[in-house]
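Asks: Handing you this structure, nothing more for now.
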Amino acid sequence: MGRWRPELQSELERRVLELFRTWGLPEPEGQYTVRERGRSLGDVDFAWPEARVIVEAEGFQFHSGRKAWERDIARYNRFQIHGWTLLRVTQGDLEDGGEEFASAVSRALQQGGRAPAR
């Protein structure tokens, strides 16, 4: 896995990684830099590069200002324009075990050409 260092990640990111493991999803790259033609499109919380799937953990405290919000929207658009599937996860998605979100990630991975290990 990428540069995953639990002490540098948010509680939400740690819980999301635990969700992936609980539901038997493939291990993602953590703190991954998305690159296209040698150019960085931005860093993401989790990625499965072979499937071109990204998961961003959206904690409200980190996206509360307008400039940060607009910067993130532009970054998300860049990923999608270049063919990446972007899923955003919040604390609410983890309620009741996170089955719905885990299922969405699993489907995205399957559609990206890499079936999840279950």
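Laboratory data are not the source of any read-out in this text; all were calculated from the coordinates shown. In this text the structure is predicted, and so the values were computed from the model without any measurement. A quick note on method: Cβ atoms are made from the backbone with ideal geometry, for glycine too, and the neighbour counts reach across all protein chains shown.
Asks: State whether segment 13-111 is rounded, prolate or oblate according to the following rule on the C-alpha gyration tensor (a ≥ b ≥ c being the square roots of its eigenvalues): a/c under 1.5 gives rounded; otherwise a/b larger than b/c gives prolate, and the remaining case gives oblate.
Replies: Oblate, since a/c reaches 1.5 and b/c is not below a/b.
Asks: Provide the gained length on full extension for the span Glu58 to Ala104, in nm with one decimal, where the gain is 0.36 nm per separating residue minus the Cα-Cα distance.
Replies: That pair, Glu58 and Ala104, stretches by 15.0 nm at full extension.
Asks: Run through segment 33-97 and list the GluC sites (Glu not before Pro) located in a DSSP loop whose Cβ has at most 13 other Cβ atoms within 10 Å.
Replies: Glu50
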